[in-house]
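Chemist: Take a look at the following structure, please.
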Amino acid sequence: MSEAVLVVTDLRKEYGTLVAVDDVSFRVESGRSLAIVGESGSGKTTVARMIIGLERATAGTIRALGRDRSTPARAGGERRRRGAEVQIVFQDPYSSLDPRQTIADAISEVLRLHGGQQTVGELCELVGLDERQSRALPRNLSGGQRQRVAIARALAAEPRVLILDESVAALDVSIQAQVLNLLADIRAETGVSYVLISHDLAVVRQLTDDCVVMQHGRIVERGPTGQVLDHPAEAYTQLLRASVPGPGWKPVRRVRV
Amino acid sequence: MTPLLSIDDLTVQLSVEGDLRTVLHGVSLEISAGEAVGLVGESGSGKSMTARAVSRILPSGAVTFGSISFDGRDVSALRGGALRQYRGEVAMIFQDPRAHTNPVRTIGDFMTEALRTNRGVPGVEARRRAAALLEEVGITEGDRRLRQHPHELSSGMLQRVMIATALLTEPRLLLADEPTTALDVTTQAEVMAILDDLRRERGLALLFITHDLELAGAVCDRTAVMYAGQIVEVQAAGTLHDRPRHPYTAALVAARPRIDAMATRLAAIPGRPLSAFEAPAGCAFATRCLHVQDRCREARPALRPLGDGVVRCIRAEELVGV
């Protein structure tokens, strides 16, 4: 078996009496990509926040590149090292950048902190931003361009794992296709692994090798993405799949609340 | 048969920092009684602005040209009581139900306000009708729900409340602006099914605004595609996805990832969606079109009949199947 870059074992998160994440385990092999699929309240974003250290797990372990990150980093050096292992791109490109910082400054700040080998120019070129855009402030860029900046900034730390938390969900269809192609190129070039948090099954199909389906904090189904989407075994996965509009789709009323 | 709603050559300009900017350019669209029409486009294409123009809630300072008529009446001429009457006949629901409810008022107050203040319906009777409509959209225990506040309801349930509220004045046309975009997919299917049922039972006409071509295709009779403040194509919703006639529609279909197969490479559309005021003088899509020729840039193509629909592309016939 190849080396796993991310291993999550028996992860649990409680908020008071609410169990947000319950007994979640998965592994991401080097260079492969995993989707965490689910609806609101499924616990998928809480899992992501625990992996990058924004939330502390109630129980269970998280290991990245063989090193434990289940408990908060105590020193700045350890925090930086974790930052160089796993990075995240959030959903909203409008609130994830400092409005007073130019794009070039936002990227070079990360390069300086992590001693990255690439230049601002190389990173901008990698994500398809030109010279003029790199001197702009976030408010002068469109949503798709801002999301490219967020991706460039995350890649500046040269992470082995990039968490994409609904990172293309807010983009227009034509821009979403550009960013999905870009993510495929970056993966081919750098060998980075993606953990894609998404409710959009078509995006999941396009970007990931494997997937886990979460409902009420638990993983209800897992497997290769194509197999899970084409032959969902669990009732909940079948319902998710059947809810996606397509040729011949007719919405059906099912529940009364 | 005269259409219920008729939008004819509608142009809207908004005042932005002292400048007038065009947001809609020559939009023409008709909706018959009981018909469902999808309005599809990316951000800035003008789909929400079209609905706002129809329901007379454009931002202040907006300048409009062209005409909108509803059941033979000139919508722009309506004032006072006639305008209130019209707003009961043409109801609107929005993407974010939480932003359109008052958090400190009960669901009952919110739902019955229009009936009590505009129609003079007594409170007890208004609440009885509200509870009955909640039942129709699949919410049981209506009396208890009417005493609750918005924060006690999930987004999906609150959107059902919005639909029930819109129906209380017994409208003939419902304008639905991305009503399911903020909802989970399973909740979206449920809300669409409710809209579909109510529409058929009541003979309600629907203008359904969405960015999702396939969703529009599943629930509408016809779909109109907008780009840069113009309608670029209208045709039967069932065939639009497989037989797009405008290069922009074809590009949108091709750009979307598929759930049943992974593409080696998605057919991304170069550049970004333009707003009407940024669009070039000739064809608005010319800067991003794969099939552009010099003559496309010379004059703005007219929206002309083709097959069972209309298209705004001078090369539409040559490009069929390309």
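Chemist: Quickly run through segment B:276-312 and pick out the residues that are in contact with a strand residue (DSSP E or B) (Cβ under 7 Å, 6 or more places away or on another chain), assigned to a loop (DSSP other than H, G, I, E, B) and within 22 Å of B:Leu10 (Cα to Cα).
Modeler: B:Ala284, B:Phe285, B:Leu303, B:Arg312
Chemist: Sticking with this structure for a sec: Could you tell me whether segment B:204-226 includes any residue that is of a type in the set (D, E, K, R), assigned to a helix (DSSP H, G or I) and either at pLDDT below 90 or over 28 Å from B:Arg84 (Cβ atoms) (or both)? Step through it out loud before you land on a result.
Modeler: Within segment B:204-226, the first condition is being of a type in the set (D, E, K, R), and the residues that meet it are B:212, B:214, B:221-222.
Imposing the further condition that a residue be assigned to a helix (DSSP H, G or I) reduces the set to B:214.
This time we only want the ones that are either at pLDDT below 90 or over 28 Å from B:Arg84 (Cβ atoms) (or both), so: B:214.
The answer is yes; a qualifying residue exists.
Chemist: Just to be sure before I move on: is B:Val253 closer than 25 Å to B:Pro280 by Cα and at pLDDT below 95 in the structure I sent? Before the answer, list the steps.
Modeler: Details: closer than 25 Å to B:Pro280 by Cα: yes; at pLDDT below 95: yes.
Considered against the rule, which asks whether it is closer than 25 Å to B:Pro280 by Cα and at pLDDT below 95, B:Val253 comes out as yes.
Chemist: On the basis of being more than 30 Å from A:Arg241 (Cα to Cα), more than 14 Å from chain A (Cβ to nearest Cβ) and either in contact (Cβ under 8 Å) with a residue 40 or more places away in the chain or of a type in the set (S, T, N, Q) (or both), does B:Phe285 make the cut? Lay out the reasoning, then the answer.
Modeler: On the way: more than 30 Å from A:Arg241 (Cα to Cα): yes; more than 14 Å from chain A (Cβ to nearest Cβ): no; either in contact (Cβ under 8 Å) with a residue 40 or more places away in the chain or of a type in the set (S, T, N, Q) (or both): yes.
When the stated conditions are applied, B:Phe285 does not pass them.
Chemist: Out of the residues in segment A:143-168 that are touching a Ser or Thr at 6+ places or on another chain (Cβ under 9 Å) and within 10 Å of another protein chain (Cβ to nearest Cβ), which is surrounded by the most Cβ atoms within 10 Å (Cβ to Cβ)?
Modeler: That would be A:Val168.
Chemist: OK, next. Restricting to segment B:40-70, what's the tally of residues that are aliphatic (A, V, I, L, M) and either surrounded by fewer than 19 Cβ atoms within 10 Å (Cβ to Cβ) or more than 28 Å from B:Ala237 (Cα to Cα) (or both)? So that I can check it myself, show each step before the final result.
Modeler: Restricting attention to segment B:40-70, the residues satisfying the condition of being aliphatic (A, V, I, L, M) are B:40, B:49, B:51, B:53-54, B:57-58, B:62-63, B:68.
Now narrow it down to the ones that are either surrounded by fewer than 19 Cβ atoms within 10 Å (Cβ to Cβ) or more than 28 Å from B:Ala237 (Cα to Cα) (or both): B:57-58, B:62-63.
Qualifying residue count for the region: 4.
Chemist: So in segment B:149-161, with the set limited to residues that are modelled with pLDDT under 95 and not in a helix (DSSP H, G or I), which one is surrounded by the most Cβ atoms within 10 Å (Cβ to Cβ)?
Modeler: B:Leu153
Chemist: Hey, another quick one. Which is of a type outside the set (Val, Ile, Thr), touching a strand residue (DSSP E or B) at 6+ places or on another chain (Cβ under 8 Å) and free of Cβ contacts under 8 Å to residues at least 60 places away in the same chain, of B:Pro171, B:Pro244?
Modeler: Working: B:Pro171 fails: free of Cβ contacts under 8 Å to residues at least 60 places away in the same chain.
Just one listed residue meets the conditions, B:Pro244.
Chemist: Can you pull out every residue in segment A:92-141 that is surrounded by fewer than 17 Cβ atoms within 10 Å (Cβ to Cβ), under 22 Å from the mean Cα position of the chain (by Cα) and within 14 Å of chain B (Cβ to nearest Cβ)?
Modeler: Within segment A:92-141, A:Asp92, A:Tyr94 meet the criteria.
Chemist: Quick one: which residue in B:Ala268, B:Ala261 is surrounded by fewer than 20 Cβ atoms within 10 Å (Cβ to Cβ), in a loop (DSSP other than H, G, I, E, B), within 7 Å of chain A (Cβ to nearest Cβ) and not hydroxyl-bearing (Ser, Thr, Tyr)?
Modeler: On the way: B:Ala261 fails: within 7 Å of chain A (Cβ to nearest Cβ).
Step by step, each of B:Ala268, B:Ala261 is checked, and only B:Ala268 is surrounded by fewer than 20 Cβ atoms within 10 Å (Cβ to Cβ), in a loop (DSSP other than H, G, I, E, B), within 7 Å of chain A (Cβ to nearest Cβ) and not hydroxyl-bearing (Ser, Thr, Tyr).
Chemist: What number of residues in segment B:131-148 are within 25 Å of the chain's Cα centre (by Cα) and in a helix (DSSP H, G or I)?
Modeler: So the answer is 3.
Chemist: Identify all residues within segment A:151-176 that are under 13 Å from the mean Cα position of the chain (by Cα) and under 16 Å from A:Thr190 (Cβ atoms); write none if there are none.
Modeler: Applying the first criterion (under 13 Å from the mean Cα position of the chain (by Cα)) to segment A:151-176 yields A:151, A:154-155, A:159-169.
Residues satisfying the conditions are A:Ile151, A:Ala154, A:Leu155, A:Pro159, A:Arg160, A:Val161, A:Leu162, A:Ile163, A:Leu164.
Chemist: Consider only pairs whose beta carbons are under 9 Å apart and that are at least six residues apart or on different chains; among these, list those whose first residue lies in segment B:118-131 and is free of Cβ contacts under 8 Å to residues at least 40 places away in the same chain and more than 12 Å from B:Leu146 (Cβ to Cβ) and whose second residue is in a helix (DSSP H, G or I) and aliphatic (A, V, I, L, M).
Modeler: Listed by first residue and then by second, the contacts come to B:Val121/B:Leu115; B:Glu125/B:Leu115.
Chemist: Kindly indicate whether any position in segment B:71-86 is under 16 Å from the mean Cα position of the chain (by Cα) and either surrounded by fewer than 18 Cβ atoms within 10 Å (Cβ to Cβ) or more than 20 Å from B:Ala216 (Cα to Cα) (or both). Show your work before the answer.
Modeler: Initial filter on segment B:71-86 (under 16 Å from the mean Cα position of the chain (by Cα)): none.
For segment B:71-86, residues under 16 Å from the mean Cα position of the chain (by Cα) and either surrounded by fewer than 18 Cβ atoms within 10 Å (Cβ to Cβ) or more than 20 Å from B:Ala216 (Cα to Cα) (or both): absent.
Chemist: Any residue in segment B:182-195 that is more than 9 Å from chain A (Cβ to nearest Cβ) and not in a loop (DSSP other than H, G, I, E, B)?
Modeler: Within segment B:182-195 (the criterion being more than 9 Å from chain A (Cβ to nearest Cβ) and not in a loop (DSSP other than H, G, I, E, B)), the answer is no, since none of the residues qualifies.
Chemist: Okay, moving on. Out of B:Arg84, B:Arg105, which single residue is assigned to a loop (DSSP other than H, G, I, E, B), more than 30 Å from B:Pro305 (Cβ to Cβ) and basic (Lys, Arg)? Full working, then the answer.
Modeler: Values: B:Arg84 fails: assigned to a loop (DSSP other than H, G, I, E, B).
Checking each option against the conditions leaves just B:Arg105.
Chemist: Can I ask one more? Out of curiosity, is B:Gly38 assigned to a helix (DSSP H, G or I) and modelled with pLDDT of 95 or more?
Modeler: Details: assigned to a helix (DSSP H, G or I): no; modelled with pLDDT of 95 or more: yes.
No; evaluated as a whole, the condition is false for this residue.
Chemist: Just wondering, is there one or more residues in segment B:95-104 that are surrounded by fewer than 20 Cβ atoms within 10 Å (Cβ to Cβ) and closer than 23 Å to B:Val225 by Cα?
Modeler: Within segment B:95-104 (the criterion being surrounded by fewer than 20 Cβ atoms within 10 Å (Cβ to Cβ) and closer than 23 Å to B:Val225 by Cα), the answer is yes, since at least one residue qualifies.
Chemist: In the set B:Ser15, B:Ser69, B:Ser60, which member is farther than 22 Å from B:Ala284 by Cα and in a strand (DSSP E or B)? Spell out how you get there, then give the answer.
Modeler: Numbers: B:Ser15 fails: farther than 22 Å from B:Ala284 by Cα; B:Ser60 fails: in a strand (DSSP E or B).
B:Ser69 is the lone residue from the list that is farther than 22 Å from B:Ala284 by Cα and in a strand (DSSP E or B).
Chemist: Now for a separate question. Could you please find all residues in segment A:161-176 being over 18 Å from A:Ala35 (Cβ atoms) and in a loop (DSSP other than H, G, I, E, B)?
Modeler: To start, the set of residues in segment A:161-176 that are over 18 Å from A:Ala35 (Cβ atoms) comprises A:172-175.
Passing the criteria: only A:Asp172.
Chemist: Counting only residues that are among the hydrophobic types (A, V, I, L, M, F, W, C) and without any contact (Cβ under 8 Å) to a residue 40 or more places away in the chain, which one in segment B:288-306 is nearest to the other protein chains (Cβ to nearest Cβ)?
Modeler: If we filter segment B:288-306 for residues that are among the hydrophobic types (A, V, I, L, M, F, W, C), which is where we start, we get B:289-290, B:292, B:296, B:299, B:302-303, B:306.
If we keep only those that are without any contact (Cβ under 8 Å) to a residue 40 or more places away in the chain as well, we get B:292, B:296, B:299, B:302.
Numbers: B:Val292: 16, B:Cys296: 19, B:Ala299: 25, B:Ala302: 24 Å.
Going through the qualifying residues, I end up with B:Val292.
The values are calculated or read from the model by the stated rules, or taken from the named source; none is laboratory data. Note that the structure is predicted; figures quoted are calculated from it, not measured. Cβ sites come from the backbone with ideal geometry, for glycine too, and all protein chains shown count toward neighbours.
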